[in-house]
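Structure record follows, encoded as structure tokens.
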Amino acid sequence: MIERMRPFIAPGYLFLCLLLGGSAQAIWGNTALRLIAILIIAWALLERAGASQPKAIKQLLLLIVLMLALALFQLIPLPISFWASLPGRSQLLEGFRLLGIAPSFLPLSLSPYDSVSTLLSLLPPLGMLAAVVSLRGCSAAWTAVALVGGSIAGVLLGILQVTSGDPLRSGWYLYQQTNFGVATGFFANGNHMASLLLATIPFIAALGVTARQAKDLRLRSAALALVGGGLVVVILGLALNGSLAGYGLALPVVVASMLILFGVRTSIGKTAMAFTAIASLVALAMLWASPVNRGAASSITSRQEILSHSVGLVEKYGLVGAGVGAFEEVYRMTERPNRVDRYYVNHAHNDYLELAIETGLPGILLILLFLAWWGRSVVQMVRSPASDQFAYAGAIASAALLVHSVVDFPLRTAAMSAVFAMSLVLIVQSRRTGRNEADLRPARHIVVG
């Protein structure tokens with residue numbers, strides 16, 4: 001029974017994340033996902049106790065351990081004499097004095113409860129990582145099917161949302177705070193739904209390659225028809241979603257997905273790579289100039305304004321950080337009163353900048369190390385003759401999410417963080433069945449005269 005379940009643990013958990021983990025507002029859904037993640041991690045540790053992992057996976061796990069250690073260190077109570085000497089603490093120290101409170105120990109994090117909440121939010125991607133890395137029998141194809149299935153389900157829900165009698169009051173939306181009037185699917189934020197659809201496109205292409213390799217003609221035709229239908233539904237979902245991120249990044253993602261069909265080493269593949277790089281830069285510039293609150297008469301309508309304020313926070317807290325998850329609190333503390341209205345900023349709309357504020361110089365170094373790991377892994381994957389279509393799909397999907405993170409925060413949900421974790425592992429682990437790089441090297445022959 002357990003052996004039969006094993007191949008479906010990662011796909012099943014990913015599908016659950018897509019349905020239940022679309023927003024921080026999904027309290028019960030996120031709780032269930034975290035409990036399941038704990039079980040998966042425990043099972044994976046028992047399954048792979050003492051088993052060796054590829055070097056790239058070990059490096060990724062080390063980076064994760066270091067980031068978790070940094071977040072936990074921020075929760076350790078420090079002597080008030082040392083705490084008061086840290087940058088950005090004088091305002092809070094003055095507040096304690098006015099209240100007549102004389103604390104003796106305080107943690108480095110300025111919002112420790114939010115830090116704990118952020119640490120718990122990492123359980124779903126860690127559970128997904130454990131399921132793909134450690135549990136034997138995980139199928140990349142079935143995981144891709146789960147991703148495509150969850151995306152299509154979200155598009156179908158989005159169609160109901162925007163075609164109801166009054167989209168601004170539709171009961172098909174799952175959350176009280178959401179982007180009413182657009183197709184958000186199982187998410188609260190329309191941009192996050194767009195991120196899911198973008199990440200799904202390369203995996204549809206990978207499934208297309210798999211279907212094309214089927215020996216039975218009727219099975220191959222049916223599979224290709226289903227894959228084509230899935231691509232049409234995803235593109236329709238992007239159109240209904242109305243996200244500028246979706247529109248801006250769709251073209252480079254689609255062109256990059258051509259690499260899966262034509263190959264990187266062909267002339268078509270090389271042209272697609274060059275076009276993708278240019279289109280990504282253009283899309284990023286367009287998104288950067290776009291307003292955060294479309295159509296909102298708000299004092300905070302541009303990413304540039306949030307950026308300028310957040311850069312000041314980096315200068316203030318950038319040495320040691322304000323604490324993981326503390327961005328919203330420190331942003332409010334430093335806002336100018338005459339600029340405050342009914343709209344509020346809960347994220348920097350640049351995850352790299354937000355992490356720099358929260359984790360300081362140590363976190364910045366870890367981000368740079370991760371990006372170096374990702375870039376090196378992708379280069380090795382492209383050069384390796386053993387990399388299959390799902391490895392390429394993982395590279396394209398993770399690249400889209402990393403680029404989108406420059407102007408938004410797509411990885412702050414359990415759903416997208418699980419997709420990202422799965423994509424990272426596939427870059428390293430996905431190989432053609434029954435073949436390895438050693439098998440693909442040219443054979444050497446001895447000629448006896």
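The values are calculated or read from the model by the stated rules, or taken from the named source; none is laboratory data. The model shown is predicted, which means the values in this text are computed figures rather than measured ones. As a convention, Cβ positions derive from the backbone with ideal geometry for all residues, glycine included, and neighbour counts pool all protein chains shown. Remember, those area values only see protein heavy atoms, side chains included, never the ligands or the DNA or RNA. Shrake-Rupley method; radii C 1.70, N 1.55, O 1.52, S 1.80 Å.
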Quiz item: Applying the Karplus parametrisation 6.51 cos²θ - 1.76 cosθ + 1.60 with θ = phi - 60° to the phi angles of region 149-165, what ³J(HN,Hα) value in whole Hz is obtained for each residue in order, glycine and proline being reported as x?
Solution: x, x, 5, 5, 4, x, 5, 4, 5, x, 4, 5, 5, 8, 9, 5, x
Exercise. Return one whole number: the accessible area per residue of region 1-89 in Å², for a 1.4 Å probe.
Key: 57
Self-check item: 13 Å beta-carbon shell around Gly363, net charge (K/R +1, D/E -1)
Solution: -3
Quiz item: Can you pull the percent of region 132-212's accessible area that's carbon plus sulfur, 1.4 Å probe, other chains left in place?
Solution: 60
Exercise. Run the accessible area of region 311-404 with a 1.4 Å probe and give the carbon-and-sulfur part as a rounded percent.
Key: 63
Quiz prompt | region 155-258, relative contact order [Cα under 8 Å, separation at least 6], % | solution = 30
Quiz prompt | Theoretical gain in end-to-end length, Leu361 to Met333 [0.36 nm per residue, Cα-Cα removed] | solution = 7.9 nm
Practice problem: For Leu78, list long-range residues whose amide hydrogen, built 1.01 Å from N in the peptide plane, is under 5 Å from its own amide hydrogen. | Solution: Leu106, Leu108
Quiz item: Can you give the net charge of the other residues whose Cβ lies under 9 Å from the Cβ of Ser121, counting K and R as +1 and D and E as -1?
Solution: +2
Quiz item: What is the spin-label model distance, in nm, from Arg169 to Arg97 if the labels are put 7 Å beyond Cα along the C-beta direction?
Solution: 5.4
